[in-house]
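Heads up, the thing below is written out as structure tokens.
Values quoted throughout were computed directly from the atomic coordinates according to the rules given, and no laboratory measurement underlies them. What you see is a predicted model; the values in this text were computed from it and never measured. Because the Cβ atoms are built from the backbone with ideal geometry, glycine has one as well, and the counts that use them run over all protein chains shown.
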Amino acid sequence: METTVLAIGTKKGLWLATSTDRQNWTLSRPHHLMSEIPSVGIDTRGGRTRILVGMMDWHWGPTVVYSDDLGATWSEPEQGAIKFAESDETALGRIWQLQPDSEDRPGVVWAGCEPISVWKSTDGGQHFELNRGLWDHPHRSEWGAGFGGAAAHTVVPSPVDDTVHVAMSTGGVYRSTDGGQAWEPRNKGISAYFMPDPNPEFGQCVHKIARDSENPQRLYAQNHHGVYRSDDGAETWDSIADGLPADFGFVMLTHPRRGGTAWVIPLKADGERIPPDAKLAVHRTDDAGSTWTRLDNGLPSSEYNAVLRDAAGVDNAEPVGVYFGTRGGSVYASADEGASFTEVAAHLPDVLCVRAAVVVGAEAGVGSP
């Protein structure tokens, strides 16, 4: 039996939902209630399901906790999984992303954090080491803070070589071709209209990037105004915003198996962060951004809440499931690649992160907190 596990991180706790048909869902009570959950990673490599949670406790601070039994129990390293050295003269502010690497790198998990930093674990997310190449980069003093803070919010490791791409607000896209030792900005073609030079080497406010599943040299980016594609590993970027109702937004998802397929959720503008005409819709391309299809079957006819960059995800089922949550606390699931949606949950706190995975042999149900 296959069970889909849906993790929903919010401003006030984590909810886990399970389903055997991706239509009917069982929702847990909240885990880590009153702690902010900005990041979740579900690691199904090696036949084990580990739920990794980047948690922000307003008394104890940020940390990583994990569960190997669908939330029945949680573990936390005694000294904390991510911790700056005293010589770095800073402290961890928030864990924005937890990203398991590919199948042939078991145990490797990447973390993107605030202040802008990237960390790497080789033991499944129990302990992380600071990537000194990015932390000591000469550009770091010039990276600014986006509206939500100064963060490395996206880490995209390549499945075929040692290339890693990172996106940050604000700094843009940086690329390493040697597993993270050296980093160079890769933003040519991405506009920074809000800066004196609208085409700088770095400083762009890239909201999210994702890699194509068939062509590892192809990437997609949702920018602070602008939707882009790169076909050369981020050396250059071209606009693919034509056909969308707006080029602002936070979400960028790609299909886990089919090249050229991606999803975005447009918002009207940075000054009015609502769906265009207050009508919530997902837009999908199946030709790498040449055309877009509006998908809103099952979504509310009126919606004034935004969808944040990590409040959306896909699973690995056939057909692929698409999931997202709003800042108004509604969570939606599609079992047909976005053609139709059902509501999984409503009236939750502000949804910050959504992740889904198919677990073979798991029972429909999640552990109680």
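Quick look at the numbers
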| item | result |
| --- | --- |
| CD proxy at 222 nm, helix term only [per DSSP H run n ≥ 4: -39500 (n - 2.57); per residue of the chain; nearest 500] | 0 deg cm²/dmol |
| Whether region 5-136 is rounded, prolate or oblate, judged on the alpha carbon gyration tensor where a/c under 1.5 counts as rounded | oblate |
| For region 216-250 versus region 121-189, the gap between their alpha-carbon centres in whole angstrom | 18 |
| Residue among Leu348, Ile190, Met55 farthest towards the positive dipole end of region 2-360, charges placed on Cβ | Leu348 |
| Distance in nm between pseudo-label sites at Gln217 and Thr26 (7 Å out along the Cβ direction from Cα) | 4.8 |
| Answer label for Rg/Rh (Cα atoms, Kirkwood Rh) (calculated), chosen among (i) 1.08; (ii) 0.95; (iii) 0.93 | (iii) |
| Size-normalised alpha-carbon gyration radius of region 1-40, reference 2.2 N^0.38 Å | 1.23 |
| Cross-link partners of Lys12 among lysines (Cα-Cα below 28 Å; sequence separation of 8 or more within a chain) | Lys83, Lys120, Lys208, Lys268, Lys279 |
